[in-house]
Every structure is written in C-alpha cells, then in structure tokens.
Amino acid sequence: MRVLMLVWPTLREATGGLEATHWEVLLDRLDDLSPRVEALETGVALIDVTGLEPMHGSERRVAARAVTLADVYPVRAGIGDNRWLAALAARVARARIGDTSARAACLILSPGEGRTTLADLPIGLLPAEPAIRDRFSLFGLTSMGQLAGLPRSAVAAQFGAVGERLQALARGEDPRPLVPRRRPERLATTVRFEPPAEGTTEITLALRRAATGLTDPLRGRHLAPGRATLTLHREAASPLTVTLALPEPTTEPDWIARLLLARLEAEVRSRPVADADDEPRITAIGLALDRLTNPAARQLPAFEPQAGRWEELRWSLERVSARFGPGRLWRAVGDRPTAMLPERQSRLVEIGIENAAGVDP
C-alpha cells in the first residue's frame, strides 16, 4: 500500500467556521481523486494512492494534483509505504527540499526503503512520551537506526509494549490500516422558470415542491437533512446563495422551505436597497440537502413536542423580526401580582430570538 499524507497548517490552526467549510469542500475534492480518504483532523488527511497511476500518472503527479486542490493554503505532503512513513515524510518534507519558505513541499519515500531512510533520522521524531525519550537518552539511543538494530526481546524487556511499538516504527513498520471516511451524501435539485419569475409566490411554491421531492425518498430511508442550501439564479446578476443549518434534522418540506425563505429575506434586507424596477428576475432555484442523519439515532430532549414547537416559534420570530425590524414583538409578563396598582402588576417585555422559549431577557 502507498499512502499520501497532506497537512495544511493554516487549516489545523484555524478555529473559524469559514475554514471548516473549506475543509469539507476540500475533502469532497479529495474523494474525487481517490476512493480511500481518511480525515484525521481538520487540515490533515491520508489518501491511499495505490493503483492510481493509470488514471492520474505517477505518485508525484498525484501529490501535485492533491496539493493544487487548495493552493491558497501552504501544504506539506509525504508519500510512504504506510501511514507512519507518509506522516514522517510530510513532517520533514520542507527541511529536505532546503526551502523553508516554500508554500508547498513534498517528500516521496521509495517503496521498500523505509528502514534505510529512517536510519539517520533523530529518535526524537518518534511519537514517544517524554519519559520514554529520557530513557532512550540514558541508553545512548539518538537515532532511529540504533533503536531499530536492537534485538526485539531486549527492547521489550526494557521498555515493554510501548518500546516494541516504537521500535517497529523505527524500522518503518506500521500495521495500522487506513480507515476511509464515508463520503457525505448530498441531494440536490434545480427548478427552472420559463419565463423568469418576478414574485415571491412562484418561488415559494417551487421551493416547497423541490423540498418535497428531496425529503420524500429520505423519509423512506429513515434519514433527515441537517443543512439546506438555497441558490437563486438571477437574470443578468450573480447567483444568491443562503445556507441554513437546521435546528434539528427534519423531513418536513414546509418547515425547510419556511426557514430558508426567512434566511433569504434576512440576506436580502442586509444588502443595499435597490430600485424595485432594477431587481433581477429569477431564472431558476437550486436546493441542496446534506448532513444526512437518522433522527431516531439521536437522544431527544425531554418534552420533545414542546421543544419542537418552541424551535419552530424561534425561527418564525426570526422571520418576523427580519421583515419588520426589531422592537415589534412584545409580550405581557405578570411578575408583580402583589402590586397595589393593577397597571404595575404586569409589564411588556420585548421578545428576542434567543428567549423565544419563554425565558425573560
């Protein structure tokens, strides 16, 4: 087996949602490159490149193609006979090419030469605990070749099972298999308008039909989407896209359509006001559902019907607030029943989206 490791340090250190979205898109692109991709963490991926030569060329070409999938981020790449050798190659790639400022660095270890390549590398590159490293120093072990050349029984006697595992790594041996991720399923459909639509009624009806067409098959498979994306293709204008993480996985098409329209209205209101006559007509709408999960597999909160109603109310309030602005929703709270004057026994409290479940601000 030949394994390619890719490390994007920028994505590993990032904590924002935008980088996480870029990482999901990047994994989907890697899935198109190889059917076996393992995502270790954000910014780190393992790819099985065995047998890809007929489709993509040599291993160097495969690595170059993978690097260019996200060329806006610096990347380190390494190829070896197993996941350990690939990880080590990616780690020392930049130092081996002699250019520490390069945005991309790749090191390919030839097949069957793992132990020879590791012999001169410092033993500190092994994934060992500080206490084990101190004991290696006490025995005068400074390189992987020294540890690899010792009898296995002697290493086991001094360092136990941990020492045996580290010695196997120093010899270039790693029996751990690559565990490919399951490519997330994504359902999408497009509805075109002939002639282009101008009002919201036609768009709303088309969106509900599209949501129904996508959710009906999912209901039979006991799956529900956790995210929905709506794209409006506009005449003589760039597409407008809104993405909504659903409060909970659902197969209710009317609810999905209502939440997307509310988010779309908020997006439109946040843009500069344009002349109504200059508003571009809608030529088509695209709806995509992903993050499919089994709703029955998750732990439901107590009083699920009530929780569901409050969640729907929260999003309905968001739509009203987005359309009419803040300060329009109030409710009466009777928190002073012992007040002498009747008008002081209750007061008006503005309803915020965050306390739509009946909690005072």
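The values are calculated or read from the model by the stated rules, or taken from the named source; none is laboratory data. Remember, it's a predicted structure, so these values are computed and weren't measured experimentally. Cβ placement follows ideal geometry from the backbone for every residue including glycine, while neighbour counts extend to all protein chains displayed. Side chains are part of the model used for accessible areas, which takes the heavy atoms of the whole protein and leaves out ligands, DNA and RNA. Shrake-Rupley method; radii C 1.70, N 1.55, O 1.52, S 1.80 Å.
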| said: Starting from the 7 Å offset along Cα-to-Cβ, what nm value, one decimal, do you get for the label separation of Arg221 and Arg281? | reply: 3.6 nm
| note | Checking rank on 254-264, 143-153, with mean other Cβ inside 10 Å and highest first, the result is 254-264, 143-153
| Rounded to the nearest 0.05, what FRET efficiency is calculated for Asp134 and Val72 with R0 set to 45 Å and r the Cβ-Cβ distance? | 0.60
| said: Could you check the spin-label model distance between Val92 and Glu194? Points 7 Å from the Cα along Cα→Cβ, value in nm. | reply: 6.4 nm
| said: Explain nothing, just the number: dipole magnitude of region 221-263 about its Cα centre with +1 on each Lys and Arg Cβ and -1 on each Asp and Glu Cβ, in debye rounded to the nearest 20. | reply: 100 debye
| If you take all C-alpha pairs in region 196-286, what percent of them are over 18 Å apart? | 46 percent
| Per the 1.4 Å probe, what fraction of the accessible area of region 95-222, in percent, lies on carbon and sulfur atoms? | 54 percent
| Probe 1.4 Å, all protein chains present, accessible-area order of Asp120, Asp335, largest first | Asp120, Asp335
| note | Expressed per residue, the solvent accessible area of region 41-146 in Å² (1.4 Å probe) is about 50 Å²
| Solvent-accessible ranking of Val191, Val179, largest area first, probe 1.4 Å | Val179, Val191
| task | Can you tell me the FRET efficiency between Thr293 and Leu178 if r is taken as the Cβ-Cβ distance and R0 is 22 Å, rounded to the nearest 0.05? | result | 0.35
| query | How much length, in nm to one decimal, is gained on full extension between Ser238 and Ala168, taken as 0.36 nm per residue of separation minus their Cα-Cα distance? | reply | 19.6 nm
| request: Evaluate the charge dipole of region 26-173 about its Cα centre and quote only its size in Debye, nearest 20, assuming +1 on the Cβ of each Lys and Arg and -1 on the Cβ of each Asp and Glu. | output: 340 debye
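What is the extension gain from Leu125 to Ala154, computed as 0.36 nm multiplied by their sequence separation minus the C-alpha to C-alpha distance, in nm to one decimal?
Separation in residues times 0.36 nm, less the Cα-Cα distance, equals 8.3 nm.
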